Structure formats: structure tokens, C-alpha cells
Amino acid sequence: MESLKELYKIGVGPSSSHTMGPQRAVQKILKMYPEANRFHVELHGSLALTGKGHLTDWIIEKTFDPLPVKISFKADALKEHPNGMIFHIFKDDEEIACETIYSIGGGSIRFEGENIEHQSVYPHHTMKEILEYVDQKGISLYDYVLEFEDEDIEGYLYKIVNAMFKSVQNGLKKEGTIQGKLQLKRVAKSMYQQAMNTRGEADRERLFIMSYSYAVAEENADGGMVVTAPTCGASGVVPALLYYCHEQKRIHKRDLIKSLAVGGLFGNIIKHNATISGADGGCQAEIGSACAMGAAMMAWNNELNNSLIEYAAEMGLEHNLGLTCDPVGGYVQIPCIERNNFAALRSFAAALLAKQLGYVRQNKVSFDTIVKVMRDTGKDLSSEYKETSLGGLAKEFGL
């Protein structure tokens, strides 16, 4: 498996597949062909069908600027992934090259026919293998991360936590409407104020989490800075829980980076053995993965043992199985923002439930099993329910 640095990336919303991936593809093309002076980019499949709402054309034009680029939208999917781009590269009137690149989730890209040799950091590829290893050595899951990552991983995780907190804080300050035809009103600031004025402890705690998840998800939908966790579309879950633990539970950042690393391990397992791309596996691959990561984090912060941390993460993913990706109008707004909120609350609940159930029985479904089921479910989902806006809520909304 790859480093957690490839899972947690700071970038521009609203979509790691539709903005961050294409941006990295353009940067790659510019580096490969410095002599080129104009371009034509064909967006295929999900990139075409939801590209306008996801700001794909905007990020491509911005990254190529000042060089001219023509962008075409073609609904047919290319053969290797639903998120395909064909770059026609010109020098004056002559086409000097043509490159096909896929945006495969989490901001990662792959050239057509490329057999990516990822720099493997971790020698284990399932949670079962990881848990057996840490049990044999008598170390924690965080110690496991430190053993295999570069020596600067703690510094990197601090950077990620600070970026997540900044996205929460930015979102809590803003009012008005989110860009796009939906004219969706921002609610994070008013929700936070409501939390501050709520007397009941349980309601107040949940309102804080909700306001934090809304803050980041609204920032992401408006093209603001967020952290993939594991994607932009699901970027409101993990930061909301971390910010809540810091502000309401007074947990220091030096401890929060440990839970962030542990949650990242579960996200890495999903990324390696299934998918985190909504265009490939539906929203279960994005929100479901974020919920599993958040549940593992909260279980760690609640000082649960390894088997109960796994239990919490398994429930976080299991109860998002089959979740479709059907963004209305191609915007990462409806139902995406609310889904971040529900997943944050579900992560919180999964950690509590794992603690209670762990006293009376052993979980019979492993995390690895649920990852496999999620992968197979994603393959069985119709393409209409995988980030194309051709089915589900997007179809019925009639925008």
C-alpha cells in the first residue's frame, strides 16, 4: 500500500476526481510538452456528464492559462475508467501528440495502458495482516504507521490537521449561497450559532459536529481548499470529527494526528483493495470510506482496542453499502453536503456501538470482508448511479 501522503492531499474542491485529478493531468502535460502552445481536451464519461457542475472545465482552463485550450464534453466512457481525458497537444497548427489520462479517484491519475508501480510503503495489504503484525510485535496501529512511513510523517499529519481545521474555520465564517444553478444557501455558520445556544448536552454536541461537517462540505462545493479524506466529495467527515475532538473534547493535536493516521490505514485498505472513486463505485466508495475512517478515528480516541477499532470501521462502511452517487445538476451539493453530515454522525455512533457491542459479543464480519463486498457492489451498480447524474435523485430533481 501507498503512503498516507497519497491518501490525504490538500487541494481545491469540489471533486478530487473532477478538479484535482484533471489539474494534475494538465500539469503533467505541460511538463511533458513544454514546446506546445495550444491544446484540445476531450472529457469522457463522468468527467463530461458532471464536469460543468464539478468545475472540471474551469480548473483545466485555469491550469493551462495563459495557453489556449478547447474543451469538448463527450458522454461515452473510455475503456479503462469512467473518468477519462484525451489531450490533443499542438504546436501552432500541427498536432504533435495525443495522450489519454484517467482520473482514478482521490486526485490520482493514470495514463492509458500504464501499469502503475506505486511506491509501496506498507508490506501488508489487508487489515487482517496488519492486525496480526501489530499483535505479534505488541505495538499500536499508530506505531505501525511510524514504522513504515518516512520520518517526516508526523510533520505531514500536523500539516493535514491544520489544513482541515482551516477549512472548518473558513466554512464557519461564510454566509450567502454556493455557486451554481442550485443557489444553495450556506447553513454552517447559523448551525454553529445554534449549537452555541443549545442547552442540552447531547443535542449541542451533535450540532457542533454537524456544523463542522457542513462548513467543510460547503467550502468544498464552492471550490474552496479542502483535504481529500479520502476524496473531496467526502471531505467533511474526518475534519468535523477531529475539530470536534479538539474544540469540545480538548484533545491535543499531537494525539489527533495519531487517530488521523489510524483512520488513514482503513482508508488505504479500501483504496488498495476496492475503490474510493464515486465514478467507479458509487458514493459508498467516497462517503462509505470516509465514514469507516471516521469511525476508526473515534474508536481510537475513545481508547478502544484494535479489534473494536476494526469493528467500528466495519460498521461505518457496511451501513453505507449500495449508496449511489447521483449529484443533482452535477454539483457536489445535493445530496452530497447532507451525506457528509450524516456520515460524520454515523462515525460517531459506530465508535460508541463498537464499544457497547464489544462487551457482549465478537463481531462476525471482518473489515476486509466488507471492503470486498463494497467493491463487488460497486461493480454491480448501474453506471447511472455512479457520478453521471443520469439516475436517482439527479434524474428525479429535473434540473
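The values are calculated or read from the model by the stated rules, or taken from the named source; none is laboratory data. Keep in mind it's a predicted model, so treat the numbers as computed, not measured. A quick note on method: Cβ atoms are made from the backbone with ideal geometry, for glycine too, and the neighbour counts reach across all protein chains shown. Side chains included, ligands, DNA and RNA excluded: accessible areas come from the protein's heavy atoms. Shrake-Rupley method; radii C 1.70, N 1.55, O 1.52, S 1.80 Å.
Scanning the range 328-364 for residues that are outside any helix (DSSP H, G or I) and within 30 Å of A394 (Cα to Cα) yields Y331, V332, Q333, I334, P335. So in the range 183-204, with the set limited to residues that are over 22 Å from A221 (Cα atoms) and in a loop (DSSP other than H, G, I, E, B), which one is most open to solvent (accessible area, probe 1.4 Å)? Among those that are over 22 Å from A221 (Cα atoms) and in a loop (DSSP other than H, G, I, E, B), it is R199. Taking the stated definitions as given, is G176 at pLDDT 95 or above, crowded, with 19+ Cβ neighbours inside 10 Å and out of contact with any strand residue (DSSP E or B) (no Cβ under 6 Å at 6 or more places or on another chain)? The answer is no for G176.
For every residue, the table says whether it meets (1) among the hydroxyl-bearing types (S, T, Y); (2) open to solvent by 70 Å² or more (accessible area, probe 1.4 Å); (3) closer than 26 Å to S213 by Cα; (4) at pLDDT below 95.
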| residue | (1), (2), (3), (4) |
| --- | --- |
| F348 | no, no, yes, no |
| L352 | no, yes, yes, no |
| V360 | no, yes, no, yes |
| F367 | no, no, yes, no |
| L381 | no, no, no, no |
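The number of residues in the range 200-231 being within 16 Å of G107 (Cα to Cα) and touching an Asp or Glu at 6+ places or on another chain (Cβ under 9 Å) comes to 5.
Cβ-Cβ contacts under 9 Å between residues 6 or more apart (or on different chains), taken from a first residue in the range 274-299 that is assigned to a helix (DSSP H, G or I) to a second residue that is acidic (D, E) and surrounded by fewer than 24 Cβ atoms within 10 Å (Cβ to Cβ), are listed as G288/E318; A292/E318.
To keep it simple, each residue is scored yes or no on (1) in a strand (DSSP E or B); (2) under 15 Å from E61 (Cβ atoms).
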| residue | (1), (2) |
| --- | --- |
| G11 | yes, no |
| S17 | no, no |
| P22 | no, yes |
| K31 | no, no |
| A36 | no, no |
| H40 | yes, yes |
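Annotation: of all residues in the range 142-151 being in a loop (DSSP other than H, G, I, E, B) and touching a Lys or Arg at 6+ places or on another chain (Cβ under 9 Å), the one that is least open to solvent (accessible area, probe 1.4 Å) is E149. Condition test on F73, is it of a type in the set (A, V, I, L, M, F, W, C), open to solvent by 20 Å² or more (accessible area, probe 1.4 Å) and either out of contact with any Cys (no Cβ under 7 Å at 6 or more places or on another chain) or not in a loop (DSSP other than H, G, I, E, B) (or both)? Yes, satisfied.
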